[in-house]
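Reading through the C-alpha cells given below for one structure.
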Amino acid sequence: MFDLIVRNGNLPNGRKGIDIAIKDGKITTVEASIVAEAKEEIDATNRLVSPPFVDPHFHMDATLSLGLPRMNVSGTLLEGIALWAELRPIVTKAELVERALRYCDLAVTQGLLFIRSHVDTSDPKLVTVDALLEVKEKVKPYIDLQLVAFPQDGYFRAKDGVASLTRALDMGIDIVGGIPHFERTMDEGRASVEALCRIAADRGLPVDMHCDETDDPMSRHVETLAAETIRFGLQNRVAGSHLTSMHSMDNYYVSKLIPLMAEAKINIIPNPLINIMLQGRHDTYPKRRGMTRVRELMDAGLNVSFGHDCVMDPWYSMGSGDMLEVGHMAIHIAQMASIEDRKRIFDALTVNSAKTLGLEGYGLEKGCNADLVVLQAADTLEALRLKPNRLAVIKRGKVIARSAPRIGELFLDSRPSRIDGGVDFVPIQR
C-alpha cells in the first residue's frame, strides 16, 4: 500500500504514460502501469509531471513593496537601489515577514518549492535579516529557503557594511553575497570579491555574487570571481548572478573569459525578466538586450540556471512567481527556440537550478524526495509555451496545492464545445 500514486504522467525526459509511486515522502517506483493500491491516486491524464521549480535568485525582503515610498519613474537599476534605500530604514519586521509569506503562498501555487533569496545587510539594524530568518523557519515545511548575505549598498561602500555582513552570517545566513560593480572603484570591487571569497572559504560557505550587472563592457569582476574561486578552492560552490556586462564585452576577451569560468566551475544565474527590463536604459537604437551569453555559457559546459529576481518591487513592477514566465522570456532574449534549446531552458528552471542550490534528493527517480508538480501541458516544450496551470503540487508525498484546469467554452456551430489549452492547442502533426 503506497501513500500516493501519480498515474499516466509524461516525464521531462520524454517518457510517457508513467506512474510514480510514493511512500514515506520518497519516490519508490517509477514505471508504466504500477499494479498496486495507494491511499490516494492522481491521474495526470498524460500531462507533464515535473520536479518542482527552483528559483536560484530572488529578493524576498523587497517583494510586493511596489510603490513604497514611491514608484521608480526612470525604471533604472540605480533608481531602484535609491528607492530601496529610502524604504529600508522605515520598514518593519512585521511588514517584511507578512509580504514574504504572501509571496511564498503564491510560489507554492506555481510549483516553486525551492528559493534562494538575497537579504540586504547594508542597514546595521539588520531588520531584513531577522525577518527573513523567521520566514525561513515558517515556510520550512513547504519551501526550502536559502538566504544570501547581500551588501546592497556595497561591502566597502556602505557605512558599517563589512561588520554588518559578518553579523548577518553569525546570525545564520547561509551564503556569502556581494556586489563588486557597485563599489566606489573597480579596485574596491576587485578587493571586495577577494575578501568575500576568503570569508566563504574560512567559514565553509557558498558564494552567490551579483556580478557586473551593468552595460559597461569594462566591468569584469566575474574574471576576478573565477580567479578567486580557483585560488580558494571554491569550485562548484560559487554563483555569478546577472553577468549582464558579458552582453557588451569584446568577443576576443570573452573567448578567454569563458574558459576561465569553466575552469572555476562557476554556476551562472541570468535573470531574464529583470535583465531585459533594466539593461540598455542608456541606449537609443540599436538597444542592447542586456542578458548574458546564455548559449555560449551552456555550450562551454557551465551550469546555467535562471532566476526570477523580483516581483512587484522597486526594480520590477511585474512578476507572477511563475518560473515558466522566466523561461518563456529567456527563449526570446537568448533566441533559443529550437526543440533542444527549449529543453535546455526547462532544465535551467529545474535540474540546473537544483544543482546551483546544492539540493540533495531532487528529481523524479527512485529514492528521490517525493516533490513534484503536475502541469496542464503535454511536455516541457508546451509548458514553456503555454505557462499552464499547476494541477497538483506535491511536497514530500503530500498534495499542498491544486489548481483547476484552464478550460475554454465555445458556443460556435460545428466547432468543439470546449478547449483544453494544455492538450488541444498543440501543433497539428502531418
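The values are calculated or read from the model by the stated rules, or taken from the named source; none is laboratory data. Just so we're clear, the structure is a prediction, and the values are computed from it rather than from any experiment. Reconstructed Cβ throughout: ideal geometry from the backbone, glycine too, with neighbour counts over all protein chains shown. Just so you know, the surface numbers come from the protein's heavy atoms only, side chains and all, with ligands and any DNA or RNA stripped out. Shrake-Rupley method; radii C 1.70, N 1.55, O 1.52, S 1.80 Å.
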Inset, instruction - Would you work out the relative contact order for the chain, in percent, from Cα pairs under 8 angstrom that are 6 or more residues apart? - result: 18
Inset, instruction - Tell me what the chain gives for mean residue ellipticity at 222 nm when only DSSP H runs of n ≥ 4 count, each as -39,500 (n - 2.57), the sum divided by the residue total, rounded to 500 deg cm²/dmol. - result: -10500 deg cm²/dmol
Legend entry - Inter-probe distance in nm under a simple model that places probes 7 Å from Cα toward Cβ, at D420 and I400: 2.7
Inset, instruction - With a Förster radius of 35 Å, plug the Cβ-Cβ distance of Q235 and K93 into 1/(1 + (r/R0)^6) and report the FRET value to the nearest 0.05. - result: 0.40
Legend entry - Inter-label distance, nm, simple model (7 Å from Cα along the C-beta direction), H332/L78: 2.8
Inset, instruction - Enter the accessible area of M318 (Å², nearest 10), with the probe set to 1.4 Å and all protein chains included. - result: 100
Legend entry - Highest-MSF residue in the chain out of E228, E40, E194 [GNM, Cα springs under 10 Å]: E40
Legend entry - Residue-wise HN-Hα coupling along region 378-395, computed from phi with Karplus coefficients 6.51, -1.76, 1.60 (Hz; x: Gly, Pro): 6, 7, 5, 5, 5, 4, 5, 6, 9, 6, x, 5, 8, 6, 8, 10, 10, 10
Legend entry - Packing-based order for 19-28, 204-213, 387-396, using average beta carbon neighbours within 10 Å, highest first: 204-213, 387-396, 19-28
Inset, instruction - Apply 1/(1 + (r/R0)^6) to the Cβ-Cβ distance of M71 and D283, taking R0 = 22 Å, and write down the FRET efficiency to the nearest 0.05. - result: 0.50
Legend entry - Residues in region 255-272 that a label on D216 would reach, taking backbone N under 20 Å of a point 7 Å out along Cα→Cβ: 257
Legend entry - Per-residue HN-Hα couplings for region 295-303 [Karplus 6.51, -1.76, 1.60; θ = phi - 60°; Hz; x = Gly/Pro]: 4, 5, 5, 4, 4, 7, x, 6, 7
Inset, instruction - Quick one: which residues, 5 or more positions from R47 or on another chain, have an amide H under 5 Å from its amide H? H modelled 1.01 Å from N in the peptide plane, none for Pro or chain starts. - result: N10
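Among DSSP bridges having both ends in the chain, what percentage is antiparallel? Round to the nearest 5.
Restricted to the chain, the bridges split so that about 40 percent are antiparallel.
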Legend entry - Simple spin-label estimate for R184 and E86 in nanometres, 7 Å along Cα-Cβ: 2.6
Inset, instruction - Have a look at I34, I179, I90 and tell me which one the Gaussian network model of the chain (Cα, springs below 10 Å) gives the largest fluctuation. - result: I90
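Under the definition of Cα pairs under 8 Å and six or more residues apart, what whole-number percent is the relative contact order of region 244-309?
Numbers: 78 pairs, mean separation 30.6, N = 66.
46 percent.
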Legend entry - the chain: angle of helix 77-87 to the longest principal axis, Cα-based, in degrees nearest 10: 90
Inset, instruction - At a 1.4 Å probe radius, which order do S74, S248 fall into by accessible area, largest first? - result: S74, S248
Inset, instruction - Could you please put T214, T356, T185 in sequence from largest to smallest accessible area, using a 1.4 Å probe? - result: T185, T214, T356
Legend entry - Nearest 10 degrees, 0 to 90: helix 251-264 Cα axis against the chain principal axis: 70
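Once you order the gyration tensor axes a ≥ b ≥ c over the Cα atoms, which shape class does region 241-280 get: rounded for a/c under 1.5, otherwise prolate or oblate by comparing a/b with b/c?
Details: a/c = 4.61, a/b = 1.47, b/c = 3.13.
The shape class here is oblate.
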Legend entry - Amide H within-cut-off set for L364, under 5 Å, with H built and near neighbours excluded: none
Legend entry - Selected from T224, T92, T284 as most flexible by GNM, with the chain as the system and alpha-carbon contacts under 10 Å: T284
Legend entry - For region 318-330, Karplus couplings with θ = phi - 60° (6.51, -1.76, 1.60), whole Hz, Gly/Pro x: 10, x, 9, x, 9, 5, 5, 5, 4, x, 4, 5, 4
Legend entry - Using alpha-carbon coordinates, inclination of helix 93-109 to the longest axis of the chain, degrees: 40
Inset, instruction - Compute the Cα gyration tensor for region 326-427, then decide on rounded, prolate or oblate, letting a ≥ b ≥ c be the square roots of its eigenvalues: rounded whenever a/c is under 1.5, prolate when a/b is larger than b/c in the other cases, and oblate in all that remain. - result: oblate
Legend entry - Label zone at R167, where the point sits 7 Å out along the Cα-to-Cβ direction: region 79-123 residues whose backbone N lies under 12 Å: 121-123
Inset, instruction - Amide H neighbours of R116 under 5 Å, at least 5 residues apart or on other chains, H built in the peptide plane: list them. - result: D55, H57, F58, Q146
Legend entry - Cut-off 20 Å (backbone N to label point 7 Å along Cα→Cβ of R203), residues of region 218-242: 225-226, 228-241
Legend entry - DSSP bridge orientation in region 1-122 - percent antiparallel, rounded to nearest 5: 45
